[in-house]
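Notes follow the structure.
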Amino acid sequence: MENAEHPGDERICTVLRGQINKLKAWAGAGRAEGEAVIILGDFNRRIAVPGDWAWELLSPSSAPLHLPTEALITRCDTRFTELIDHLVLGGGAAELLVPGSTYEWSREWEHPDHCAVSADFLLQDGA
């Protein structure tokens, strides 16, 4: 049934839920293989807000992921108080993160609500 206030929301949520489930499966497979898992990108959601359903689905308490962008205060656009672009870590990737290196870049061009995020990681020797 369509949401009368926001037509198409249910379809969008269904698509997003499917995408989150695919990311969850991919991260789980990588962790099962002992690989560091890093997901960086536009979630177009405020997944750092407590109780966000997408974050709870992606990072269940039984297999939690790390969200270093959670601590960032966005300064990109004063209209928005939370990030929608995130960095998600699992499978040992959090141990490779350089402390204090997670960063939100300033706006370079006109975007509706996005500024890039980045972080530095220590590289491991393949031996």
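The values are calculated or read from the model by the stated rules, or taken from the named source; none is laboratory data. The model shown is predicted, which means the values in this text are computed figures rather than measured ones.
Assorted remarks:
- Odd one out for Val88 among (1) hydrophobic (A, V, I, L, M, F, W, C); (2) modelled with pLDDT under 95; (3) within 12 Å of the chain's Cα centre (by Cα): (2)
- Lone qualifier among Ile38, Ile47, Ile12 - being aliphatic (A, V, I, L, M) and at pLDDT below 90: Ile12
- Residue within the stretch 50-68 that is under 24 Å from Glu110 (Cα atoms), of a type in the set (A, V, I, L, M, F, W, C) and modelled with pLDDT under 95 present: no
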